[in-house]
Amino acid sequence: MLDFIARRLIAIIPVLAVVAIFVFLMLRLTPGDPAAVIAGDNATSDQIAMIRGKLGLDLPIWQQFAIWIGDMLHGNFGESFFFKKTVVELIQQRLEPTLALSICTLIIAVFTAVPLGVLAAYRQGSWIDRIVMGFSVLGFSMPTFVIGYILIYIFAINLGWLPVQGYVRIGVDFWQFLERMVLPSITLAIVYIALLARITRASILEVLNEDYIRTARAKGLSTRVVLMRHALRNAAVPILTVIGIGIALLIGGAVVTESVYGLPGLGRLTVEAVLSRDFPTIQAVILMFSVVYVVINLLIDISYTLFDPRIRY
Amino acid sequence: MPDKKPVLEVRNLTVALPKGADRVHAVENVSFTVNPGEIVCLVGESGSGKSVIAFTVMGLLAKALKPTGGEILLEGENILAASEDRLRQLRCTRMSMIFQEPMTALNPVMTCGEQIDEVLETHTKLDAAARKAKIIAILTRVKLPEPERIYASFPHQLSGGQRQRIMIAMALVLDPVLLIADEPTTALDVTTQAEILKLIAELQEGQGTGVLFITHDFGVVAEIAHRVAVLRWGELVEMGPTEQILSRPTQDYTKMLIGSVPSIVPAHRGVRRDGETVLRTEKLGKTYVSKGFFQKGRTVRAAADVDLDIRRGETLGIVGESGSGKSTVARCIARLIDPTEGKVYLGDTEIATLPPGRLRPHRRKVQIVFQDPYRSLNPRMTVGDSIVEGPMNFGLSRSEALARARTLMETVRLDPNALDRYPHQFSGGQRQRICIARALAMEPELLIADEAVSALDVSVQKQVLELLDEIRQRLKLAVLFITHDLRVAAQICDFVAVMSQGKVVEYGAAEQVFGAPRHDYTKALFAAAPGRHWDFSKASAA
């Protein structure tokens, strides 16, 4: 087991190296000059050349890469061209809203979708099953921003129950924080509920045909125990896999949701950085997301062993 | 005199099949009783409705099946009229059930102890310590070694026999009056089967439990039953004490069924060792090595030092229990897997180490018929396409291959016009005939039958065995017959190799091996064969 974790952690290094090379090249080879952007509309070509020299943009590309990698290995992700702050500071500032949004979304999605999926499987073919599956199709096909605006229109504008936009830090006022998290989380959760409910239903249906479910019923156990203790745990592995993929997709979904609800998170930071050709920020954000993705996958793989004792690494 | 009121009375039970099935009722007008301390066997071929009856009693029928008439009285209480809640209360307290596949009947993600504990938690008010003590006691009673360790084990850490003991422990922990056993030993090796049958008999006698025992195997019936009910197409054909049904059956169907059971006394086949040698192995072996990145490699010797030879027109049987290496040997001979040691001579050619390109022409000469006719034919191809695929691959034109296929369909006694049908339109026995035709289409010199009749009902099995033997004689084929079933081996083999733990422990003429086994393992195998004292051929003569 420890052996497995060690191997997986070592495997992160080549993954990151490949991501780093890609990110670096992709950005350098796209047209557009960040020095011109920073210098502003009225800058002379001398001023632009000076800025370029200061940022190291006039060096050969392999030298730029070497300097960049060297800096990063020292934990120095550079300074944002655009925001005039170090990238580390910037990410720290923007981390909380995105983290909060992701966690709330996951909690809502898992605790809604899994019971719905189990219920739909148990009552296969009934009206509950049809409603859940119908909702699933709907959830997939509606774009996140449409869901967001509909929810804002109903709950924030017409009913006035919740604020329309904005973010309050969790440390400042917890209730205001929560109030402002509800709509964005639900918005983002809907597509995951759709996905997870489907997968849960499918895996439970498969498990319900297994012999040990018949054994459990022959023991005189109640339906609830049969479903939750015997069926769900055996169906857990595919469900966990999808949750893991979901977390990765969440990052993309966060961009739109954060924009709709005006949350100052990493998603919006990414968009702003791309629009202003802020190379250091883009690179750091992409690298960070790839680390997060690899680590989450590792955690999901490890969590398999908690649910299925036959899985050994 | 103990109370002789029956624990189970089934009266005129009728269970309807869903519309569109091949018949109206799964079970029709069946009545029988099980008395305390009595073992009643329901015996019949697949589709006879024996399992449906068991599941109806437990209230575990699939939703598509509905009991439409009759009564099932468990100690006088009609459980067809009982609510779902009442049924739940009765399960495992008054009536329990054990199943065919101990491999899949236990929840793989819970420890065995937890799974038995659930029964006590649901049905009793005992505290944790009392429950644990009760579980350890029942694990000891079903003769599991180191009950404490077994309690904490997951099912996959135990053998098939041990798992079935766990199922029995779970079923009997609350001393039910009725135990339903649905083919509980069918998936087990013969020696394990003997132990489990003995255990069930001991436990039910001790507690006076009534047992409804479902089986297709007359050997098992002879071994364990007090009374027997023979079922066919959902109807009760005949019922009576075991001795009477087995030796003096009155119904033709029962006579046919019992007459189909192969005798364990080998047939005298008059072997002359005069044919040319088709296949010879020399110190054949297969070792599996699994290696981890950091861990030390683990080696498993699936087969070692196997010396066999088969001549034209001869059948060599390899018998053994699961894991003995018999299928590994067959697969090495067919080069479906590569042997790691030794030589395989096909005629004069050594094929064990031949590279794939040069092996190809020899592939035609060895053909296999597999165990499961439901899964060894591609469901999306017509049987005709399945049969002609091989010969066409070796250069025959489609029309020539089809002509050959039509002849072969007649050889295996199927309608040649059925070549454009799909496998699901045939019964199990018919599919196995198709598999034989498919193998013969390649005009092999050696036919390997890997448990080829094990999945078939006894009457169908008899026909397929006769067909195989007839084809062997007519085509002067060499046949390698892999089986775990000693009765089948006794009837079809000229020579027998007994395998255990990857090695051939005894090898000789069938009459000699069956008549006077020398090796201890062979003796143990024969001693475990159910119903070995019973000569089923008597009944068919009567």
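The alpha-carbon of B:K134 sits under 17 angstrom from the alpha-carbons of these aspartates and glutamates, leaving out residues fewer than 8 places away in its chain: B:E114, B:D117, B:E118, B:E121, B:E146, B:E148, B:D175. Start at zero, step by 10 Å, and the Cα-Cα distances of the stretch A:194-313 spread as 12, 30, 25, 17, 11, 4, 1 percent across the bins. Residues whose amide H comes within less than 5 Å of that of B:R232, counting only those at least five positions distant or on another chain, are B:V237 (H built at 1.01 Å from N in the peptide plane).
Taken residue by residue and averaged, Cβ atoms of other chains lying within 10 Å of the Cβ of A:225-237 number 2.
Taking max minus min of the alpha-carbon positions on each principal axis, chain B gives extents of 72, 58, 45 Å, largest first. If R0 is taken as 60 Å, the Cβ-Cβ distance between B:D520 and A:M1 corresponds to a FRET efficiency of 0.90.
Note on B:300-312: average number of Cβ atoms from other chains within 10 Å of each residue's Cβ is 0. Our compactness index for the protein assembly as shown, the C-alpha radius of gyration over the empirical 2.2 N^0.38 Å, is 1.22.
Return, ordered by residue number, the residues of the stretch B:486-527 whose backbone nitrogen is under 18 Å from a label point located 7 Å along Cα→Cβ of B:V265. In the stretch B:486-527, the label zone of B:V265 (backbone N under 18 Å from the point 7 Å along Cα→Cβ) covers B:486-493, B:510-517, B:526-527.
How tilted is helix A:45-55 with respect to the longest principal axis of chain A? Cα atoms for both, answer in degrees (0 to 90, nearest 10). Taking Cα atoms only, the helix is inclined about 60 degrees. For A:E179 and A:I69, a Förster radius of 60 Å and the Cβ-Cβ distance give a FRET efficiency of 0.85, rounded to the nearest 0.05. Residues in the stretch A:6-22 carry Karplus couplings, in order, of 4, 4, 5, 5, 5, 5, 5, 4, x, 4, 5, 4, 5, 4, 4, 4, 4 Hz; the curve used is 6.51 cos²θ - 1.76 cosθ + 1.60 with θ = phi - 60°, and Gly or Pro positions show x. Think of the protein assembly as shown as a dipole: +1 on every Lys or Arg Cβ, -1 on every Asp or Glu Cβ, centred on the Cα centre; then among B:G429, A:N76, B:L279, B:L279 lies furthest on the positive end. Sorting B:438-447, A:301-310, B:399-408 by their mean Cβ neighbour count within 10 Å, with the most densely packed peptide first, gives B:438-447, B:399-408, A:301-310. Taking the three principal axes of the alpha carbon atoms in the stretch A:93-307, the coordinate ranges are 64, 42, 32 Å, sorted in descending order.
The amide H of B:V278, built 1.01 Å from its N in the peptide plane, has B:I310, B:R311, B:R312 as neighbours under 5 Å, considering only residues 5 or more places off or on other chains.
Per residue of peptide B:97-104, the mean number of Cβ atoms on other chains within 10 Å of the residue Cβ is 3. Among the trypsin sites (Lys or Arg not before Pro) in the stretch B:55-110, those placed in a DSSP loop whose Cβ has at most 16 other Cβ atoms within 10 Å are B:K63. In chain B, the DSSP-assigned H stretches of four residues or longer account for a calculated mean residue ellipticity at 222 nm of -11000 deg cm²/dmol, using -39500 (n - 2.57) per stretch and the full residue count as denominator. Straight-line reach from B:K66: taking Cα to Cα under 26 Å and skipping same-chain neighbours fewer than 8 places apart, the lysines in range are A:K219, B:K19, B:K50. Between A:N76 and B:R380, the distance separating the two model label sites (each 7 Å from Cα on the Cα→Cβ line) works out to 6.0 nm. Under the combined filter of DSSP loop state and at most 13 neighbouring Cβ atoms within 10 Å, the stretch B:495-535 retains these trypsin sites (Lys or Arg not before Pro): B:R518. Helical runs (DSSP H, four residues minimum) scored at -39500 (n - 2.57) apiece and divided by the length of chain A put the mean residue ellipticity at 222 nm at -24500 deg cm²/dmol. With both labels modelled 7 Å from their Cα along Cα-to-Cβ, the B:E276 to A:I21 distance reads 6.1 nm. When the label point is put 7 Å from the Cα of B:N78 along its Cα-to-beta-carbon vector, which residues of the stretch B:5-20 have a backbone N closer than 16 Å? Flagged as within label range: B:9-15. Using the alpha-carbon atoms, what tilt in degrees (0 to 90, nearest 10) does helix A:87-122 show relative to the longest principal axis of chain A? Taking the Cα atoms of chain A, the angle to A:87-122 is about 20 degrees. Aspartates and glutamates near B:K283 by alpha-carbon distance under 12 Å, same-chain residues fewer than 8 away left out - which ones? Hits, sequence-local ones excluded: B:D305, B:D307, B:D309, B:E341. Here the label points at B:D307 and B:L87, each 7 Å from Cα along the C-beta direction, are separated by 6.1 nm in the simple model. The angle separating the long axis of helix A:127-141 from the principal Cα axis of greatest extent in chain A is about 10 degrees. Contact order normalised by length for the stretch A:93-307, with contacts defined as Cα pairs under 8 Å and 6 or more residues apart; what percent is it? Value for the stretch A:93-307: 29 percent.
Once backbone amide H atoms are built at 1.01 Å from N, B:T340 has B:G285, B:K286, B:T287 as its partners under 5 Å, excluding neighbours fewer than 5 places away on the same chain.
Applying 1/(1 + (r/R0)^6) with r as the Cβ-Cβ distance of B:A21 and A:W127 and R0 = 22 angstrom yields a FRET efficiency of 0.20.
Where a number appears in this text, it was derived from the coordinates with a stated rule and is not lab data. Since the structure is predicted, the reported quantities are computational estimates derived from the model, not experimental observations. Neighbour counts are summed over all protein chains in view; Cβ atoms, including those assigned to glycine, are modelled from backbone coordinates with ideal geometry.
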